[in-house]
Each structure stands twice: as structure tokens, then as C-alpha cells.
């Protein structure tokens, strides 16, 4: 009997609890229903806006990429005027396509002998933190190369030393410019081993390896593969050789 009463009491309490919850929900909806509906609508609008923005961004990026390809095709065909007209609007944007457009514009300026204009364009890309690092490194290499004759040797070393390291994609090109800067400062002991490393790096172009091998030989460093002067490291000359002058 007591068990039945207890069960009935539990059922009654659950019904009361359910009714109370339903009543509270109804009161909540009456009080806050409009605000809740407005919040949901705002969230849906925001999601829709983001999806639309993302679609537009993707479409714009695809259009810019296509325009860039057409501009590069014009450059390959020697139509610099047509290429320049296509590149101009792309270069005013941001991101990778704009950076590539500026680099292409700088290349045109170089062909036309406008070194200052080219240097500025390369510099803009090299110092833009929003541009992917590989493009920034490319722009830095081009910038230093364009203004090499006007730069102090130490400035070349300071700007390119991080790229003139074995394993870096720009090791050979950056290393050659850094090595020549060392020679201009009379620092043969820094230039020689660097030239040797580049010359023995089989991942570097043959023409580049031949140039630095010749430069190394001129200051007494042997950069021929598998040949190292006895008693020396990195192809350095033995004591008393030309490489020990500085």
C-alpha cells in the first residue's frame, strides 16, 4: 500500500514538475520571445553575410589570378604595355596576387632601366608582413640585386645573411652576393668558405657554381669537388696561402 502511494506521489510530482517547466517556458517566451527571435535572425543574417562575403572573396581571387596569368602571358610575348595595364589594378590590392603583380611591375621597370622604381616596388613587397614569406624573400633578393651597386657591402651582408645559409632556397644567389660584399670589405676569410660551400652544393645551378668556384680560386680557396687542401677545412688554403691575408 505504501509502495503504491509512493509511486502515485512520484507520478504526481513529475506531472507537477513538467507543468511547472512548461509554464516557465511559456512565461519566458512571452517575455523574451521577440528578443530571442531577433537574436536568431541576426545570427542567420550574419552567417549568410559571411558566406556571401567568402563567395565574393573567392570569386575575386580567382578573377585576379586569371588576370595575373594573362599579364604574365603578355610579358612572355614581349607585350610589356599590355601586361602593365593588366598588372596596375592587381597591384593596388593585397595578398599574394598583389605581391606577384608588384614583382612583375618591378621586372618591367628593370627592363626599362628604371632601377629606382623597381627597387621601391620590390621593397614594398619585401617589407609587407601580410605577404607570404617566400614572396617576401624573393622580393628582398630582387631588391638587393637591383640596387647592389649603390648599397654598402655591410648592408648587403646584413640584409641577406639569413638567406645565405645552406638549405635555404636562396642560399646560392644570396650567398654569392654576400660573398662578393665580403670581398669588397677585404674579408677573404669570410668570403672563401662561403664560396666553397656554394660551389660544392650540387643543388645549385652549374653556372652559379662555376662563378663562385672561380671567385674562390682567385683568393686561394679550392672549391673543386672532393679536393681539399691538406691541413685545411672548407677548402681553405694552407697556412701562408692567399686566404690568410686578412
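Overview of values
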| quantity | calculated |
| --- | --- |
| Three-way shape call for the stretch 124-184 based on the alpha-carbon gyration tensor, with the a/c threshold at 1.5 | oblate |
| Residue 187-residue 127 FRET efficiency (beta carbon distance; Förster radius 25 Å; 0.05 resolution) | 0.35 |
| Fewest-first ranking of 80, 92, 119, using other Cβ atoms within 10 Å as the exposure measure | 92, 80, 119 |
| Relative exposure of 195, 171, judged by other C-beta atoms within 10 Å (fewest first) | 171, 195 |
| Sequence of 81, 128 once ranked by neighbouring C-beta atoms within 10 Å, starting from the fewest | 81, 128 |
| Point-to-point label distance, residue 150-residue 202, nm (Cα→Cβ direction, 7 Å offset) | 4.2 nm |
| More than 23 angstrom apart: percent of Cα pairs within the stretch 97-210 | 32 percent |
| Label-point separation, residue 92 to residue 112 (7 Å along Cα→Cβ), nm | 1.8 nm |
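Values quoted throughout were computed directly from the atomic coordinates according to the rules given, and no laboratory measurement underlies them. All of these numbers come straight from a predicted model, not from anything done at the bench. Cβ atoms come from the backbone with ideal geometry, glycine included; neighbour counts cover every protein chain shown.
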